[in-house]
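Everything on this sheet refers to the single structure shown next.
The values are calculated or read from the model by the stated rules, or taken from the named source; none is laboratory data. Because the structure is predicted, anything quoted here is derived from the model rather than measured. Neighbour counts run over all protein chains shown; Cβ positions are idealised from the backbone, glycine included.
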Amino acid sequence: MSHERMNDERTHWPQIIGSIVVALAIVAVAILITTAKFGSTSSAKIQAREDRIDLQEERAKDRQDALEERLKASEDRREEASE
Amino acid sequence: MEEFVLDLTNGNVAEVKVILASVIAALAIYQLALAAVGYGKLRLPFLANPAALRGHRAIGDTSFALAVITGVMCLSVYGFEDDGGIHAVAGAIVLGTLVVKTCIVRSDSLKIGRLLPPLGIAVFLLFMITWATSAGDFLIEGP
């Protein structure tokens, strides 16, 4: 590589990096526009629905466990009182 | 290969392909502007011709890689569909033209650099046709 070309590249480094940064910004905007057009993807929706169902089932199980514990505790108390 | 692509995109092959194609199309427009600056057709005070050409080459390499990935995804999952005639032909020609253009750019012994601007314009037009016949349709009309 000639000295002239090396010097040329050194002076133009900020411009080259700038042009690549602009390209990255263009890529980001293109991705944003296209994904906004899709909305959330079908798999993402399915995943979100499954997560919601899992959470509801977990809460229902917790409620059931708490209810059973309360029933057991009241039964124990009744047994103790009858004794 | 089809299984791999489906796994990689979590089943959303069309959506990923549309995003990649749109990114390539946006970069192609930018590449055209950079080439215009590089060849002195467009003068910008903040961007010198050699810098524009270096940027053009770096971004072109990335676009080429993205185009190959998109093409492989497209072929492995959809193949050459009957109703995708223009898309398939334009896609195949654009990749071939890109390979020729890259060979000319990389080779100093081939003294046919004057062919680069018309080849570049051809690549740009073919990219736009390929995008419009798949991603453009998909974005306007929906899946």
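Listed values, structure above:
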quantity: Total residues in the range B:37-63, condition over 17 Å from B:Val105 (Cβ atoms) and more than 10 Å from chain A (Cβ to nearest Cβ); calculated: 5
quantity: Test: residue in the range B:9-25 that is in contact with a Pro (Cβ under 7 Å, 6 or more places away or on another chain), within 11 Å of chain A (Cβ to nearest Cβ) and within 17 Å of B:Val68 (Cα to Cα); calculated: yes
quantity: Leading residue by the ranking (farthest from B:Ser63 (Cα to Cα)) among those in the range B:98-143 that are polar (S, T, N, Q) and more than 14 Å from every other protein chain (Cβ to nearest Cβ); calculated: B:Ser109
quantity: Total residues in the range B:26-36, condition more than 7 Å from every other protein chain (Cβ to nearest Cβ), farther than 19 Å from A:His12 by Cα and crowded, with 21+ Cβ neighbours inside 10 Å; calculated: 1
quantity: Looking only at the range A:24-56, and only at residues there that are more than 9 Å from chain B (Cβ to nearest Cβ) and either modelled with pLDDT of 90 or more or in contact with a strand residue (DSSP E or B) (Cβ under 8 Å, 6 or more places away or on another chain) (or both), the one that is farthest from B:Ile29 (Cα to Cα); calculated: A:Leu32
quantity: Options B:Gly40, B:Gly96; residue that is touching a helix residue (DSSP H, G or I) at 6+ places or on another chain (Cβ under 8 Å) and free of Cβ contacts under 8 Å to residues at least 12 places away in the same chain; calculated: B:Gly40
quantity: In the range B:106-133, the residues that are in contact with a Lys or Arg (Cβ under 8 Å, 6 or more places away or on another chain), in contact (Cβ under 8 Å) with a residue 24 or more places away in the chain and not β-branched (Val, Ile, Thr); calculated: B:Gly120
quantity: Qualifying residues in the range B:8-18 (those that are surrounded by fewer than 22 Cβ atoms within 10 Å (Cβ to Cβ) and assigned to a helix (DSSP H, G or I)) - the one modelled with the lowest pLDDT; calculated: B:Leu8
quantity: Condition check for B:Ala52: at pLDDT 90 or above and surrounded by fewer than 17 Cβ atoms within 10 Å (Cβ to Cβ); calculated: no
